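The values are calculated or read from the model by the stated rules, or taken from the named source; none is laboratory data. Everything numeric here is computed off the predicted structure, so don't read it as measured data. All Cβ positions, even for glycine, are placed from backbone atoms using ideal geometry, and neighbour counts span all protein chains on display.
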Amino acid sequence: MSNTKLVLLRHGQSTWNKKNLFTGWEDIELSKEGEIEAIEAGKILKKNNFKFDYAYTSVLKRAIHTLWLTLNVLDQLWIPVKKTWRLNERHYGELQGMNKDQITKKFGKKKVQEWRRSFMVKPPSLSINDSRWSRFDSKYSKLEDYQLPLSESLFTTLERVIHVWKNDISYKIINKERIIIVAHGNSLRALIKYIENINDNDIVDLNIATGIPIIYEFDNNLHYKKKYYLDNK
């Protein structure tokens, strides 16, 4: 019996990626380059005959629009899509909207690397009165305050990502449904850490490129058997 495939895709480049800004939960649009990346992802998935039964994405438009553009190329815009805040990017707290180079000059490369890549360390938190806190964003109006982070580590990001994996996505994969997840660098890092059982130290070195589909193949017990990338290089 053939393995069941799962496709993971990091959204295309956003306008803040292009400006080298910490983005996190800020709802930033794709750049033109990001739109092209999403379309190219659709083309290579089409070339490899991928068809999907269900899609997941975050509630942030750079991921949503990447999914739309990819599915449009595949002529699969009709499939059901679940948007969930649990697949949002990691929340960067006070760093959101700040330039990465300037923050590095201020705090040092080691500290910024720790904030960006480590498993347990959170960046400085927002104040609950900060206008950037998600409580002031209508898309999160049905969530409780405790669910809305003021800052997140990769560990806390993993907790919310794994919730939707264990309670929803994994059942579809077990039932042989063909799934695509379009999300963000850190929400996908968290999911990959769980799938591959990557240790807390090694996850620091995992980087996920924008717009390149990652394919996982699972056996009937949801153990991953194979991983590979689809690109034109």
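Structure data summary
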| item | result |
| --- | --- |
| Test for I198: is it surrounded by 14 or more Cβ atoms within 10 Å (Cβ to Cβ), over 13 Å from the mean Cα position of the chain (by Cα) and in a loop (DSSP other than H, G, I, E, B) | yes |
| Tabulated pairs, region 42-65, first closer than 14 Å to P213 by Cβ and in a loop (DSSP other than H, G, I, E, B), second at pLDDT 95 or above and charged (D, E, K, R), C-beta under 7 angstrom, 6+ apart or interchain | K51/R178; F52/R178 |
| Test: residue in region 33-47 that is crowded, with 21+ Cβ neighbours inside 10 Å, within 19 Å of I169 (Cα to Cα) and in contact with a helix residue (DSSP H, G or I) (Cβ under 9 Å, 6 or more places away or on another chain) | no |
| Among (1) touching a residue at least 24 places away in the same chain (Cβ under 8 Å); (2) in contact with a strand residue (DSSP E or B) (Cβ under 7 Å, 6 or more places away or on another chain) - the single one W165 does not satisfy | (2) |
| In region 197-233, the residues that are polar (S, T, N, Q) and more than 30 Å from K18 (Cβ to Cβ) | N197, N199, N201, N220, N221 |
| Subset of region 201-231 [closer than 25 Å to E177 by Cβ, surrounded by 15 or more Cβ atoms within 10 Å (Cβ to Cβ) and aliphatic (A, V, I, L, M)] | I208, I212, I214, I215, L230 |
| Residue within region 84-101 that is touching an Asp or Glu at 6+ places or on another chain (Cβ under 6 Å), of a type outside the set (S, T, N, Q) and over 15 Å from I181 (Cα atoms) present | yes |
| Region 114-141: number of residues that are surrounded by fewer than 18 Cβ atoms within 10 Å (Cβ to Cβ), in contact (Cβ under 8 Å) with a residue 40 or more places away in the chain and in a helix (DSSP H, G or I) | 2 |
